[in-house]
Structure formats: C-alpha cells, structure tokens
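J.: I am attaching a structure below and will ask some questions about it afterwards.
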Amino acid sequence: MFEHYTTALEDWVSHFYKKQKMYSVQDLSIRKIARYYHIFVHQKPVPARHDIVHRYRGIIVDSRDPIEHQREQFFHELCHILRHCGHQSMMPEAFRELQEWDARHFTLYAALPYHMLRFYDFSDDLIIGTIAEDFKVTKELVSERLNRIYRNQKCTNTTADGTLWY
Ligand SMILES: [Zn+2]
C-alpha cells in the first residue's frame with residue numbers, strides 16, 4: 001500500500017465518518033448521514049435536487065435512475081446543502097460552475113472515502129469493478145477517484161540504484 005497526500009476536504013469527510021463510527025463500506029449509510037444533518041431523503045421520478053425551506057432540508061434523488069446514480073446524486077446535493085448556500089438561479093454563471101465543480105469533488109470523497117479505500121489492493125486488475133460494487137457507485141466515479149489518489153501519492157519508489165526519489 002502506498003501513502004498518499006490527502007486534501008483538506010478529504011480529511012474533513014473521513015473525520016466526519018469516523019466520528020459517526022463509519023469505518024468500512026458496510027457502515028457507510030446514507031440514512032445515517034441524512035439523519036445526522038436532519039435532511040429528509042425522497043426517491044421520486046423527477047431530476048435530483050435539494051430543497052431548503054425555513055428549517056426543512058430535503059434531498060430528492062431520481063427514482064428512475066439506477067441506484068448507483070441515486071447514491072451519487074445524494075452526495076452531490078448534500079454538498080450543496082452543507083457547503084453552499086443561496087439559490088443557484090440568482091447566481092452568476094461562473095459561481096454556479098464553481099459550486100458544481102465543488103460538488104463533484106465532494107461526491108468523489110464522500111462516496112469513496114479514503115480511509116475505507118486504503119485497504120483495497122489497487123494493483124488488482126478488477127479493482128474498479130470491485131470497488132464500484134462494494135460502494136454501490138458507478139465505475140466512472142471509481143476510476144476518477146483512483147486517478148486522483150494515484151496523482152496525489154507520495155513518490156517513495158526506489159530507483160534502480162537504490163536511492164529514493166521524490
Ligand atoms: Zn449541483
């Protein structure tokens with residue numbers, strides 16, 4: 001297993017999960033996360049969205065989509081609720097794009113937290129399919145997540161002459 005530099009957002013997500021005693025993929029429960037933040041989750045045949053009305057906070061995931069997509073939609077909308085405020089319709093386009101980018105990042109980290117991934121054998125040829133199945137997310141999300149981990153890994157490979165390079 002190689003070491004890898006974690007980002008602040010990645011650390012924040014893992015810290016939250018550990019505090020909620022979610023250590024492995026079996027513990028990773030959307031219901032539990034939603035309950036903690038007092039968010040109501042509904043499955044409806046409409047595009048995914050979130051609603052904040054006074055003290056009510058809700059997330060709707062699209063029941064017509066496969067469960068993997070619904071899971072990703074949940075984390076995406078959760079990010080908007082937790083990290084963004086205000087209505088995107090009243091926002092300049094550039095700002096809205098920034099929030100979408102942030103939500104995409106957050107989804108990668110929250111759906112596939114590093115402290116749960118680190119026990120997998122990344123050299124296994126079938127790793128993407130295995131992780132996608134275990135975490136109930138799309139293979140696209142898994143491969144984006146793994147690419148990010150590879151990119152941030154600490155280069156402690158030993159070269160032929162035995163010296164460490166960074
Ligand atoms: Zn969004």
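The values are calculated or read from the model by the stated rules, or taken from the named source; none is laboratory data. Note that this is a predicted model, so its numbers are computed, not measured. Neighbour counts are summed over all protein chains in view; Cβ atoms, including those assigned to glycine, are modelled from backbone coordinates with ideal geometry.
J.: Taking residue 38 as the residue in question, decide whether it is more than 13 Å from the ligand (Cβ to nearest atom), touching a strand residue (DSSP E or B) at 6+ places or on another chain (Cβ under 9 Å) and not small (Gly, Ala, Ser).
T.: yes
A quick yes/no check of all residues on (1) modelled with pLDDT under 90; (2) within 15 Å of the ligand (Cβ to nearest atom); (3) closer than 28 Å to residue 19 by Cβ:
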residue	(1), (2), (3)
72	no, yes, yes
76	no, yes, yes
88	yes, yes, no
103	no, yes, yes
108	no, yes, yes
121	no, no, yes
137	no, no, yes
152	yes, no, yes
161	yes, no, no
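J.: Of the residues that make up the range 82-90, is at least one free of Cβ contacts under 8 Å to residues at least 40 places away in the same chain, assigned to a helix (DSSP H, G or I), surrounded by 19 or more Cβ atoms within 10 Å (Cβ to Cβ) and of a type in the set (Ser, Thr, Tyr)?
T.: No: zero hits.
J.: Taking the conditions exactly as written (surrounded by 18 or more Cβ atoms within 10 Å (Cβ to Cβ), at pLDDT below 95 and either within 16 Å of the ligand (Cβ to nearest atom) or closer than 23 Å to residue 7 by Cβ (or both)), does residue 98 satisfy them or not?
T.: It is false that residue 98 is surrounded by 18 or more Cβ atoms within 10 Å (Cβ to Cβ), at pLDDT below 95 and either within 16 Å of the ligand (Cβ to nearest atom) or closer than 23 Å to residue 7 by Cβ (or both).
J.: Now, a different point. If you go through the range 110-117 one residue at a time, do you hit one that is within 16 Å of the ligand (Cβ to nearest atom) and part of a helix (DSSP H, G or I)?
T.: Yes, some residue in the range 110-117 is within 16 Å of the ligand (Cβ to nearest atom) and part of a helix (DSSP H, G or I).
J.: While we're looking at this one, here's another question. Please work out which one of (1) within 15 Å of the ligand (Cβ to nearest atom); (2) part of a helix (DSSP H, G or I) is the condition residue 128 fails and give its number.
T.: Unmet condition: (1).
J.: Considering only residues that are aliphatic (A, V, I, L, M) and under 19 Å from residue 16 (Cα atoms), look in the range 31-53 and name the one that is surrounded by the fewest Cβ atoms within 10 Å (Cβ to Cβ).
T.: 34
J.: Considering only residues that are in contact (Cβ under 8 Å) with a residue 40 or more places away in the chain and part of a helix (DSSP H, G or I), which ones fall in the range 10-31?
T.: 10, 13, 14, 17, 18, 25, 30
J.: For residues in the range 54-70 being surrounded by 15 or more Cβ atoms within 10 Å (Cβ to Cβ) and assigned to a helix (DSSP H, G or I), which is farthest from the ligand (Cβ to nearest atom)?
T.: Ranking the qualifying residues of the range 54-70, first place goes to 68.
J.: Quick check on the range 139-150: of everything there that is of a type in the set (D, E, K, R) and surrounded by 13 or more Cβ atoms within 10 Å (Cβ to Cβ), which residue is modelled with the lowest pLDDT?
T.: If we take residues in the range 139-150 being of a type in the set (D, E, K, R) and surrounded by 13 or more Cβ atoms within 10 Å (Cβ to Cβ), then 148 is modelled with the lowest pLDDT.
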